[in-house]
Amino acid sequence: MPKILLAEDDETMVSLLKTLLTMEGFDVVGLDPNADVPAAVERENPAALFMDVHLGGQSGMEILEAIRKNSEMADVRVIMTSGSDTREECIRRGANAFLLKPFMPDDLLNLLK
């Protein structure tokens, strides 16, 4: 089953996404908001990374750029999310997709399938 990494600082969101994605057949790994996300991507080798633009004390945008600069991680599908519409900037920095919060679960599932 495809592995999805969740880099999200809202614990309720992580819990809901873990439940939803597990029910849909995904292997889900939730990361601590202060985790070294690029290192986790290298270690876990996920099919996709779902990441908040504002991740605790970290910038999801900077993490995205670091992932895209590393040739070993460049193929990982990255879906960014935020409560503010930063879609254009996320795509410009290398995201495969963007979801504006709040979003419907089907919107995320459609992006992952």
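Spatially close Lys pairs in the chain, defined by Cα atoms under 18 Å apart and a spacing of eight or more places or different chains, total 4. Given the options P46, P33, P102, which has the most mean-square fluctuation in a GNM of the chain, springs set between C-alpha atoms less than 10 angstrom apart? Taking springs between Cα atoms under 10 Å, the residue moving most is P102. Only helices enter this figure: runs of n ≥ 4 DSSP H residues, each worth -39500 (n - 2.57), summed and divided by the residues of the chain, yield -11000 deg cm²/dmol at 222 nm to the nearest 500. List the residues of the stretch 1-39 whose backbone N lies under 19 Å from a point placed 7 Å from the Cα of L109 along the Cα-to-Cβ direction. So the set is 1-6, 13-29. With coordinates expressed along the principal axes, the C-alpha atoms belonging to the stretch 64-113 extend over 32, 24, 11 Å, beginning with the largest. All Cα-Cα distances of the stretch 24-113, cut into 10 Å bins from zero to the largest, leave 16, 54, 29, 1 percent in each bin in turn.
For the residues S71, S15, S59, a GNM of the chain with alpha-carbon springs under 10 Å puts the largest fluctuation on S71.
Beta bridges from DSSP with both residues in the stretch 1-73: antiparallel share about 20 percent, rounded to the nearest 5. Of T86, T19, the order by accessible heavy-atom surface (1.4 Å probe, DNA, RNA and ligands excluded), from most exposed downward, is T19, T86.
The values are calculated or read from the model by the stated rules, or taken from the named source; none is laboratory data. Since the model is a prediction, treat every value here as computed from it, not as a measurement. We place every Cβ from the backbone using ideal geometry, glycine too, and count neighbours over all the protein chains shown. SASA here: full protein model, heavy atoms, side chains in, ligands and nucleic acids out. Shrake-Rupley method; radii C 1.70, N 1.55, O 1.52, S 1.80 Å.
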